[in-house]
Amino acid sequence: MKEKGWISIVVAAAVLLAFGVAGPAFSEMKGMSMRGHGEGHGQRMEMGNMDKMGDMMDMCMQHADKMGLTDDQMLKMKPLHSEMQKKHARFKADLKIAKIELMDIMEVKDFDLEKANAAVKKISEIKTAHHLEMLPAMKEMRTILTDEQFKKMKKMMSMKMGEKKPAKKMMKKQ
């Protein structure tokens with residue numbers, strides 16, 4: 001009986017992590033093409049921040065002149081950007097379906113624990129697969145940019161993310 005209780009606690013914790021942490025971050029994406037869904041806006045591209053790759057790509061495309069991108073670089077980036085948008089759209093759809101499936105399983109009071117565990121694992125696998133799929137695009141994007149352009153892009157990204165931080169700090173102080 002104790003084992004069943006612990007398993008329920010673990011599943012509940014996994015569900016809270018799956019929905020509690022990912023939910024607010026995914027809500028930022030509504031209506032935005034290729035916006036990231038990880039929290040934390042450091043200089044490094046961490047696993048939770050890998051989808052900021054879309055922000056980086058968007059910024060490069062929108063500010064090509066400020067970054068000094070050549071026509072050749074833009075020609076290389078456009079198909080990469082388009083492919084990333086398609087992959088991200090598939091990811092969002094797959095993730096949403098997996099979350100709906102988990103909610104369906106857990107809708108009843110005495111839900112099937114094995115099915116719930118499998119659904120939580122499926123959500124995790126979808127996220128991991130997406131992150132792994134983004135790595136080659138990130139690598140290719142960085143090879144297109146010169147060192148100076150990459151520095152400019154990182155500076156622009158940190159300034160963009162820095163704009164959002166004061167509002168969060170102010171809300172915490174109130």
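The values are calculated or read from the model by the stated rules, or taken from the named source; none is laboratory data. Quick caveat: nothing in here was measured; it's all calculated off a predicted structure. Cβ coordinates were reconstructed from backbone atoms using ideal geometry, including for glycine residues, and neighbour counts include every protein chain displayed.
Within region 95-107, at least one residue is modelled with pLDDT of 95 or more, part of a loop (DSSP other than H, G, I, E, B) and acidic (Asp, Glu).
As a summary of the residue check, Lys66 satisfies the conditions (1) surrounded by 12 or more Cβ atoms within 10 Å (Cβ to Cβ); (2) at pLDDT 90 or above except for the one numbered (2).
For (1) surrounded by 12 or more Cβ atoms within 10 Å (Cβ to Cβ); (2) within 16 Å of the chain's Cα centre (by Cα); (3) in contact (Cβ under 8 Å) with a residue 12 or more places away in the chain, each residue gets a yes or a no:
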{"residue": "Ile105", "(1), (2), (3)": "yes, no, yes"}
{"residue": "Lys115", "(1), (2), (3)": "yes, no, no"}
{"residue": "Arg142", "(1), (2), (3)": "yes, no, no"}
{"residue": "Glu148", "(1), (2), (3)": "no, no, yes"}
{"residue": "Lys151", "(1), (2), (3)": "yes, no, no"}
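Considering the conditions (1) touching a helix residue (DSSP H, G or I) at 6+ places or on another chain (Cβ under 7 Å); (2) assigned to a helix (DSSP H, G or I), Ala118 is excluded by exactly one of them, (1).
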